[in-house]
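Rule-based calculations on the coordinates, nothing more; no lab input. From a predicted model like this one, the values you see are computed outputs, not experimental measurements. Quick reminder, even Gly has a Cβ in these numbers, built from the backbone with ideal geometry, and neighbours come from all protein chains shown.
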Amino acid sequence: MKRNAEQNNWPLVYELVDIAILPAALMICSKVLAIAGLNTLLGLNWGVQTVTDSFFTLALTYERIEDVRMITSYSNLFMFIAVIAGCMIVTSKSLLFNHRKASPYFVLKLAKHDLLHLLKSSFHVYKEAFVWGGFLIVTTTYIVISFLTGQTYGWVAGLAVLFCLTFLWIMIENIEEEILFHNYK
């Protein structure tokens, strides 16, 4: 019996992993593109060095330590903006396309344009919010650690913490509203 219950959870795990692919790729691509773009835009002298005592075998090197701090700060900011944009889209979906919260007029408009498939259940919407929120927390934690080690500007870490807490507060409010709706239905 226990084995059957465990097997039923696997589709959920696969779905969460499937949802997590986009935010993970977005984090990596935005960080790499920001570093490459800033290096090109600012014309910085940089190089690649092989490091044997690290998880990553290649490391970027710069002439000045301030260049490292600037590149790290702005690439972290760019990565954070990409993740928070995804979180804002998920939050918008939770407010607009949640089948329980959608107004009859909005549902009628969607039906008129054959877009009813955009309406999602609360469970689906909050699964996405959970995954994106997790990536937002990871990104914010990374930025704060970078600040504490002196690699990122304080204002970048402050903005990250502020926006992360705001997103989490909005999602907690949405989930609390959903729970109250189901309890007093």
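Relative contact order of the chain: what whole-number percent is it, with Cα pairs under 8 angstrom and at least 6 residues apart?
23
Could you estimate the translational diffusion coefficient of the chain from the Stokes-Einstein equation, with Rh from the Kirkwood formula over C-alpha pairs, at 25 °C and 0.890 mPa s, in whole µm²/s?
On the way: Rh = 19.2 Å.
Using the Kirkwood radius from Cα pairs, D works out to 128 µm²/s.
Using θ = phi - 60° and the Karplus relation 6.51 cos²θ - 1.76 cosθ + 1.60, list the HN-Hα couplings for region 44-51 in order, rounded to whole Hz, with x at every Gly or Pro.
6, 7, 9, x, 10, 10, 7, 10
At q = 0.20, 0.28, 0.30 Å⁻¹, what log₁₀ I(q)/I(0) does a Debye calculation on the Cα points of region 137-185 give, no solvent, two decimals?
Values returned for q = 0.20, 0.28, 0.30 Å⁻¹ are -0.65, -0.93, -0.99.
If you take the beta carbon distance between residue 166 and residue 96 as r and set R0 to 25 Å, what does 1/(1 + (r/R0)^6) give as a FRET efficiency, to the nearest 0.05?
For residue 166 and residue 96, the calculated efficiency is 0.85.
Tell me, in nm to one decimal, what length is gained between residue 69 and residue 20 on full extension, where the rule is 0.36 nm per residue of separation less the Cα-Cα distance?
14.7 nm
Which residues make up the longest stretch of the chain clear of chymotrypsin sites (Phe, Trp or Tyr not before Pro) that lie in a DSSP loop with no more than 15 other Cβ atoms within 10 Å, not counting the sites?
My reading of the result: 57-183 is the longest stretch.
Among the helices of the chain (complete DSSP H runs), which have Cα atoms covering no less than 18 Å along the helix axis and a Kyte-Doolittle mean of at least -0.5?
2-42, 65-96, 122-148, 154-183
Which of the aspartates and glutamates could be linked to residue 120 by a straight reach, that is with a Cα gap under 12 Å, when you skip same-chain ones fewer than 8 residues away?
Answer for residue 120, where 12 Å is the Cα cut-off: 128, listed by chain and number.
Taking the dipole about the Cα centre of the chain, with the C-beta of Lys and Arg at +1 and of Asp and Glu at -1, give me whichever of 166, 147, 115 is farthest to the positive side.
My answer, from the dipole projection, is 115.
Give me the aspartates and glutamates in straight-line cross-link reach of residue 127: C-alpha distance below 14 Å, same-chain residues under 8 apart excluded.
Cross-link targets: 15, 18, 178.
Taking only the C-alpha atoms, wrap a convex hull around region 64-155 and report its volume per residue in Å³ as a whole number.
99
I'd like the FRET efficiency for residue 148 and residue 112, computed as 1/(1 + (r/R0)^6) with the beta carbon distance as r and R0 of 35 Å, rounded to 0.05.
That pair, residue 148 with residue 112, gives E of 0.10.
Aspartates and glutamates within cross-link reach of residue 109: Cα-Cα under 14 Å, excluding same-chain residues under 8 positions apart?
none
Give the residue list of trypsin sites (Lys or Arg not before Pro) in region 69-114 that are DSSP loop and have at most 15 other beta-carbon atoms within 10 angstrom.
For trypsin sites (Lys or Arg not before Pro) across region 69-114 that sit outside H, G, I, E and B with at most 15 neighbouring Cβ atoms in 10 Å, the list reads 100.
For an R0 of 35 angstrom, estimate the FRET efficiency from the Cβ-Cβ distance between residue 33 and residue 12 and round to the nearest 0.05.
After rounding, the FRET efficiency stands at 0.60.
Which whole-number percentage describes the relative contact order of region 83-185, with Cα contacts under 8 Å and a sequence gap of 6 or more?
Values: 66 pairs, mean separation 32.9, N = 103.
Dividing the mean separation by the residue count of region 83-185 yields 32 percent.
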